[in-house]
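Report on one structure; see the data block that follows.
The values are calculated or read from the model by the stated rules, or taken from the named source; none is laboratory data. For clarity, every value in this text was computed on a predicted model and none was experimentally measured. All Cβ positions, even for glycine, are placed from backbone atoms using ideal geometry, and neighbour counts span all protein chains on display.
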Amino acid sequence: MPPLPRLAQCLRRPSCPWAALLLCLLAARCLADAPLRIGDQNGLTQALLQASGEDRGLDPAPVWHPFGTGPALLEALNADAIDLGVVGNAPPVFAQAGGYAVRIIGAAEGAQTNNALLVPGDSPIRRLEDLRGQRIGVAKGSSGHYLLLAALARAGLGMDDVQVRYVSPLDGQTAFASGHLDAWAVWYPFVGQATSRGARVLADGTPWPETGLNFTLASERALADPRRRDRLGDLLQRLARAQVWATAHPRDWARALVAATRLPAPLVEEMLDRQALRYVPLDARVIALQQRLADAFFAARLIPRQLQVEAAFDPRFDPLLPPASPH
């Protein structure tokens, strides 16, 4: 290695090999020390970790990035703008179909009533069959999208039999309230907000167990980096333990969520009753449930190719989960 004065001169030259080496070492050190970047829909993940105390000891503290929908979160994950995020059941199907460099590393399962297909209280729509020709709002590639697809299929209808309007949840809320939509497929807290104003639930996810799944995904880049991979495993453990805490302390969790989201307490309590999530292994049952979504979206020509969803699952962190409660 050159003496220090010569090294200093060398580092000032762009072509110096020692400069390149030093820059690589510094970049590697910065990457190793970089905090996890977590995508968070509506602040729910951060609120859960904080309320349960599972955020204590996270070093370095994660950087939180807010998102309004699962598809937007997964776009950021694919672009390496974040390392991890939690989404509903449908966004991973569209991510896999799009060739996203992301993997499912965790699954949480809850009640199937978190998603609902809504109609105005005074609507003449009484049965699923009455949806033919109607204007229906939904966020494309969302869990509400799958519920709409499944509900239409049950009535012998397809997406071509209705007028689908792809809208964000907030835009859908406005359009539904102003009468520009005849029906709206969405999830909590939007379901509870709409029903409190007189909307009716035409259908929810009860007949379809796959609608009760949420997924935690990580970028392939994060999983390939040993330091970030270890942090991902630690964070997944914390999320699973936090969910156990939330189930055991529903009132404390509701109070924390009210403070974090500024939503009315009755709405938060209603939402939590319809979630009751617990982390489960990425086993054959979960994979089979998710395969139903992929098959349905392909049959409806909403994704360009048939998928084998098992390829999107990475179960390496399953042994870190707390003991499962009886299913």
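The table below gives the values:
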{"item": "Restricting region 170-189 to residues that are among the hydrophobic types (A, V, I, L, M, F, W, C) and surrounded by fewer than 22 Cβ atoms within 10 Å (Cβ to Cβ), the residue that is nearest to the chain's Cα centre (by Cα)", "result": "170"}
{"item": "Filtered residues of region 127-167 (kept if closer than 19 Å to residue 179 by Cβ and either hydroxyl-bearing (Ser, Thr, Tyr) or without any contact (Cβ under 8 Å) to a residue 24 or more places away in the chain (or both))", "result": "130, 166"}
{"item": "Test: residue 233 is modelled with pLDDT of 95 or more and either within 15 Å of residue 37 (Cα to Cα) or not aromatic (Phe, Trp, Tyr) (or both)", "result": "yes"}
{"item": "Selection count, region 193-217, where residues are of a type in the set (Ser, Thr, Tyr) and either assigned by TED's automatic domain parsing to the domain that holds residue 289 or under 23 Å from residue 288 (Cα atoms) (or both)", "result": "3"}
{"item": "Index of the failed condition, residue 187 passing every other in (1) under 20 Å from residue 130 (Cβ atoms); (2) among the hydrophobic types (A, V, I, L, M, F, W, C); (3) modelled with pLDDT under 95", "result": "(1)"}
{"item": "Which numbered condition residue 230 misses (of (1) in the same structural domain as residue 102 (by TED's automatic domain parsing); (2) assigned to a helix (DSSP H, G or I); (3) in contact (Cβ under 8 Å) with a residue 12 or more places away in the chain)", "result": "(3)"}
{"item": "Residue among 228, 197, 165, 238 that alone is basic (Lys, Arg) and crowded, with 21+ Cβ neighbours inside 10 Å", "result": "228"}
{"item": "Conditions (1) among the polar types (S, T, N, Q); (2) surrounded by 21 or more Cβ atoms within 10 Å (Cβ to Cβ); (3) farther than 20 Å from residue 131 by Cβ; number of the one not met by residue 211", "result": "(3)"}
{"item": "First in region 94-123 and of a type in the set (Ser, Thr, Tyr), second anywhere and crowded, with 23+ Cβ neighbours inside 10 Å and assigned to a strand (DSSP E or B), Cβ under 7 Å, 6 or more apart", "result": "none"}
{"item": "Matching entry among 267, 263, 272 (being assigned by TED's automatic domain parsing to the domain that holds residue 104 and free of Cβ contacts under 8 Å to residues at least 60 places away in the same chain)", "result": "272"}
{"item": "Residue satisfying condition, being of a type in the set (Phe, Trp, Tyr), in the same structural domain as residue 149 (by TED's automatic domain parsing) and free of Cβ contacts under 8 Å to residues at least 24 places away in the same chain, within set 190, 176", "result": "190"}
{"item": "Residue count, region 51-61 (criterion: closer than 23 Å to residue 103 by Cα and crowded, with 21+ Cβ neighbours inside 10 Å)", "result": "0"}
{"item": "Test: residue in region 84-107 that is closer than 26 Å to residue 209 by Cβ, in a loop (DSSP other than H, G, I, E, B) and among the β-branched types (Val, Ile, Thr)", "result": "no"}
{"item": "Selection status of residue 277, under 19 Å from residue 38 (Cβ atoms), at pLDDT below 95 and either small (Gly, Ala, Ser) or in contact with a helix residue (DSSP H, G or I) (Cβ under 8 Å, 6 or more places away or on another chain) (or both)", "result": "yes"}
{"item": "Residue count for region 173-198, restricted to those that are under 17 Å from residue 114 (Cα atoms) and outside any loop (DSSP other than H, G, I, E, B)", "result": "13"}
